[in-house]
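Here the structure is laid out as structure tokens; the discussion comes afterwards.
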Amino acid sequence: MNLMDIEKQYTSGFYGKRDVVLVKGQNAHVWDVDGREYIDCVAGIGVANAGHSHPAIAAAIAEQAQTLMTCPELFYNNRRAELYQKLAEMTPEGIDRFFLCNSGTEAVEGAIKMARLSTGRQGIVAASNAFHGRTLGALTATYKKDYREPFGPLVPGFDRVPYNDVEALEAAVTGETAAVILEVVQGEGGIHPGDGDYIRAAREICNTQDALLILDEVQTGFGRTGRWFACQHHGVVPDLLTMGKAIAGGMPMGAVGIGSGVDGMKPGLHGSTFGGNPLACATSLAALEVYQSEQLQARATEMGEYFRERLEEINSPLIREVRGMGLMIGVEFKVRASKVVEGLIEHGVLTLTSGTTVMRLLPPLTIPREDIDTVIEALCDVLVQMENGSK
Ligand SMILES: *Cc1c(COP(=O)(O)O)cnc(C)c1O
């Protein structure tokens, strides 16, 4: 049996997969089992910000694996201590403690629990088109009905408001609200950047009602949008900052950054067996050092502008809009985005969808300019083929 058939036989069936078997990666390129090369604008869904197989990150993994892989937070650990310092340095001023976990959704769960604990309130206000993860609490905050409805009853106490609508948020946040949770740029929901005025208003509204502001930067964090965290574009510091995806350069990890206004944490109230394990911490530390030394947030700005300019130059009736921030880019089509994504695979380019009509580009922040040019050429070819095919 070939590898695809084996996966098809044994997989849960929860994933819609493309017919590509990836076996190797190097910077912004990946290879399939037959040796075919692709430019990777998926990067593990915005995970491999420093590219695939970065030597410094790979070396940190190998070294830590031979030293100490596991050490729960019942004990102290050298790598964890160093990572805490690094996270405090990179996150916005005012975020000064951290809860370490293993995925984005766990970070969101942790933040929701801390918000309820700290405020003694239950209400959580989330936005339309939001995506916060798949575990029950994070899922309740997630917008898409298809993801949520088969799994009820979900967690009580959640309200939903239209995104980028200050008045609706103001009306929804009351003295019973524990927290407002927002993405700074909505990722899964179609690459919708939040207005600076909206994110700042959310901060003000939370202050007025003594509610906490949770900013979910699982996808936007660690340079993706051109700053280490997207909230830094708007001068807003949340009370709880959720992180994941690129935090450890490809190693599974999540974290919650905790502001000084958050209270009530006592030993035993929350935790995780793998949380803060030395292997993840050493990998994250190496990844964050690479992000800093290669100034990848500045590269995201520069290459993001270039990529968006080149996309905007494409003269195709099939493109409705190009939007995004840094190297978090959405191209909205007048046709199903999956058609374009499939066409691009044929041309050696891997991309994501984000809803029905939006193609999402989350390449490594290290992607060379020539690779962006190749992606643009491939996209032009695919669109021309589609235009001709539909005539
Ligand atoms: C991906 C994502 C999550 C969930 O992270 P997982 O690691 O898949 O659990 C949560 N929030 C946002 C904004 C995300 O993009």
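Every read-out reported here was derived from the displayed coordinates using simple, explicitly stated rules and does not represent laboratory data. If you're wondering where the values come from, they're calculated on a predicted model, not measured in any experiment. When we count neighbours, we look across all protein chains shown, and the Cβ atoms used for this are built from the backbone with ideal geometry, even at glycine.
Structure remark: mean-square fluctuation, Gaussian network model of the chain, C-alpha springs under 10 Å; the largest value among Arg336, Arg299, Arg18 belongs to Arg18.
Just report the Cα centroid separation between region 328-391 and region 49-88, whole Å. When both Cα centres are located, 35 Å separates them. Only DSSP H runs of four or more residues enter the estimate; each adds -39500 (n - 2.57), and after division by the residues of the chain the mean residue ellipticity at 222 nm equals -11500 deg cm²/dmol.
Placing +1 on the Cβ of every Lys and Arg and -1 on the Cβ of every Asp and Glu, with nothing else charged, gives region 117-256 a dipole about its Cα centre of roughly 500 debye. Remark: Thr142, Thr225 ranked as Thr142, Thr225, counting other beta-carbon atoms within 10 Å and listing the fewest first.
Of the chymotrypsin sites (Phe, Trp or Tyr not before Pro) found in region 1-104, those that fall in a DSSP loop while having at most 13 other beta-carbon atoms within 10 Å are Phe14, Tyr15, Phe75, Tyr76.
Think of each Lys and Arg Cβ as +1 and each Asp and Glu Cβ as -1; about the Cα centre, that makes the dipole of the chain roughly 760 debye. Of all beta bridges that DSSP places with both ends in the chain, some 65 percent have antiparallel geometry.
Mean separation of Cα pairs under 8 Å and 6 or more residues apart, divided by the residue count, gives region 55-293 a relative contact order of 31 percent.
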